[in-house]
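The values are calculated or read from the model by the stated rules, or taken from the named source; none is laboratory data. Only a predicted model underlies this, so the values are computations on that prediction, with no experimental measurement involved. With ideal geometry, Cβ positions are generated from the backbone for all residues, glycine too; neighbour counts draw on all protein chains shown.
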Amino acid sequence: MRWLTPKNVRASILLPNIENPEFITVLEDQMVKIQPVKQNGNFRFTILYLANGIVSNRMRNNTINVDAMEEFVKKGIISEMRHLYQLGLKHEIDFFNLEHQLYRKYHSDWKKQNDQDSLLHEDSIKSFEVHIKLEHSGSFKNRKITIKE
């Protein structure tokens, strides 16, 4: 839900996963765009997520390439969004406000829908797209840190 809330100023994500974390990324300047597309009489949606991020903490030195870090962040956000959509399908909740987007952008088609015609289907989401720009903070500038004890 944190990726979709417009008033959310900052969100952090532990990557690559909670069980085996390597770094924490804090995301700011978030924006979500939901674009409905009509295909064969049905609507499918593209969810576009844009943000700037900062690598705030590194637990290990395994990932030093910024591109690899960005890829971890993209996959993590897409995974959380897919999980949220699946949860909404299970409980018939439109977390992504797909019906509202249809109402705003395809009003006449929205009016024609019956109350039983739900937009929530397994294939309603055409794609999740995530565009992230990561920066390092402090002393993490693109180098491997070696800690000697």
Residue ranges of strands (runs of 3 or more DSSP E) in segment 1-109 with at least 2 members at negative phi, of a type in the set (Lys, Arg) and modelled with pLDDT of 85 or more: 23-39
Odd one out for Ala68, checked against (1) buried (at least 17 other Cβ atoms within 10 Å of the Cβ); (2) more than 30 Å from Asp109 (Cα to Cα); (3) hydrophobic (A, V, I, L, M, F, W, C): (1)
Subset tally (residues that are more than 14 Å from Val73 (Cα to Cα), among the small types (Gly, Ala, Ser) and touching a strand residue (DSSP E or B) at 6+ places or on another chain (Cβ under 9 Å)) for segment 5-50: 0
Yes/no for Met31 being of a type in the set (A, V, I, L, M, F, W, C), touching an Asp or Glu at 6+ places or on another chain (Cβ under 7 Å) and loosely packed, with under 15 Cβ neighbours inside 10 Å: no
Subset of segment 122-149 (residues that are part of a loop (DSSP other than H, G, I, E, B), over 18 Å from the mean Cα position of the chain (by Cα) and either surrounded by 11 or more Cβ atoms within 10 Å (Cβ to Cβ) or at pLDDT 90 or above (or both)): Ser137, Phe140
Residue satisfying condition, being more than 19 Å from the chain's Cα centre (by Cα) and free of Cβ contacts under 8 Å to residues at least 60 places away in the same chain, within set Ser12, Ser108: Ser108
